[in-house]
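The values are calculated or read from the model by the stated rules, or taken from the named source; none is laboratory data. The shown structure was predicted, so the numbers you read here are calculated from the model rather than taken from an experiment. Cβ coordinates were reconstructed from backbone atoms using ideal geometry, including for glycine residues, and neighbour counts include every protein chain displayed. The accessibility values were calculated without ligands, DNA or RNA, using every heavy atom of the protein model including side chains. Shrake-Rupley method; radii C 1.70, N 1.55, O 1.52, S 1.80 Å.
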Amino acid sequence: MSRAPGQTRLDPLVIGREVLRREGEALAALAERLGSAFTEAVDRMEQCRGRVIVTGVGKSGLVGGKIAATLTSTGTAAYFLHPTEALHGDLGIVTGDDVVLALSKSGRSRELLELLPHFRRLGAAVIALVADPASPLGEQADLALAFGPVEEACSLDLVPTTSTTVLLALGDALAVALLRRRGLTEEDFAFVHPGGLIGRHVTRRVRDLMHGDASLPRVSADATLREALVEIMEKGLGVTTLVDPEGILAGVLTDGDLKRILLRPEGPATLAEPVRRFMSGAPRTVEPDALVASAVRLMEERRPGAVTSLVVVEDGRPVGIIHLHDCLRVGA
């Protein structure tokens, strides 16, 4: 196809250099902008007794996943929580001991703003990573770590490029600051899975961290759905085991299962029905003497999908529940 008179072909080398120049300038500006809010963010994350919950949507969410992995691999227990999944059951992993890192360039992401009241109700502190501290997310968070206006590297100033680079670098800065603050050395780490489980868990056993005895949620598979719901609520682990008359594990029911059931038009009427109708009959299990590292790998397996807890089984009988939260807790 011929070009119009005066039209020149765009040089990829020129474009590539321009992209890198813009992003480099944004990072240099960010370095100069960091101030007391960054220090306070590091303080809050260091003092966190739970985990750092990282959340964001779109490209910010993809960056958030990497930030969570970097934090965990450098000594700060972290977990990426997708806002949509949080609003459909996964919010149960958040506790009042956690600190939330909420990522959004605009600070106007509807999904994040919908989550804020829930984080507040649970008592989790929210640190917003935003461009403008006066944005809705920045104003409603407990702390706004603002990176200022950035010019995206695309010619339309629309595609998240410079902004995601800045967010990623800001996450790295937080992780490394925490790493150095804690004085951790190379010898402190033994990476036993891709998410970066801390070395001291290598020799720990599942029985050391599991919720057993009176803390174990357990009902008969012949119980009603209502009875299973009460057990899940009372034990607070987001799941209950279901056993047959001999005490052998028959299945599990999660709070996510319950929400999906009760949101159906016929949902409330099913509360009197046997829970075995709704249970997952082949739950993921682990033995009490298995390494915690092995349990984490089992939870993170992509087939049929990652889970946040395992049933601990001995001789076919449930003896405990181990939760990802417990496995990744630095102080565990």
Checklist line | Counting DSSP beta bridges with both ends in the chain, the antiparallel % (nearest 5) | finding: 40 percent
Next item on the list: Using only alpha carbon pairs under 8 Å that are at least six residues apart, calculate the relative contact order of the chain and give it in whole percent.
Entry: 15 percent
Margin query: Angle check, please: helix 36-47 long axis (alpha carbons) against the longest principal axis of the chain (alpha carbons), in degrees 0 to 90, nearest 10.
Written below: 20 degrees
Notebook entry, point to check: Any idea which of 103, 251, 206 is furthest toward the positive side of the dipole for the chain, if Lys and Arg beta-carbons carry +1 and Asp and Glu beta-carbons -1?
Noted result: 103
Check: Between 50, 19, 34, whose Cα lies farthest towards the positive end of the dipole of the stretch 1-154 when Lys and Arg beta carbons carry +1 and Asp and Glu beta carbons carry -1, centred on the Cα centre?
Finding: 19
Check: What does the convex hull of the alpha-carbon atoms of the stretch 6-154 project to on average, in nm²?
Finding: 10.8 nm²
Next item on the list: Give the shape of the stretch 14-88 as rounded, prolate or oblate, defined through the alpha-carbon gyration tensor: a ≥ b ≥ c are the square roots of its eigenvalues, a/c under 1.5 means rounded, and otherwise the shape is prolate if a/b is larger than b/c and oblate if not.
Entry: oblate
Next item on the list: Take the alpha carbon gyration tensor of the stretch 74-187, find the square roots of its eigenvalues, order them as a ≥ b ≥ c, and report rounded if a/c is under 1.5; if not, report prolate when a/b exceeds b/c, else oblate.
Entry: oblate
Item checked: For the stretch 34-109, accessible area per residue (1.4 Å probe, heavy atoms of protein chains only), Å² -> 37 Å²
Notebook entry, point to check: Excluding same-chain residues fewer than 8 positions from residue 259, which aspartates and glutamates have a Cα within less than 16 Å of its Cα?
Noted result: 85, 90, 227, 231, 273
Next item on the list: Summarise the accessible area of the chain (1.4 Å probe, protein heavy atoms) by the percent that is carbon and sulfur.
Entry: 53 percent
Check: If you put +1 on each Lys and Arg Cβ and -1 on each Asp and Glu Cβ, how big is the dipole of the stretch 1-131 around its Cα centre, in Debye rounded to 20?
Finding: 440 debye
Notebook entry, point to check: At q = 0.12 Å⁻¹, what base-10 log of I(q)/I(0) does the Debye formula yield for the chain when every alpha carbon is treated as an equal point scatterer in vacuo?
Noted result: -0.90
Checklist line | Residue-normalised accessible area of the stretch 215-332, expressed per residue, 1.4 Å probe, Å² | finding: 49 Å²
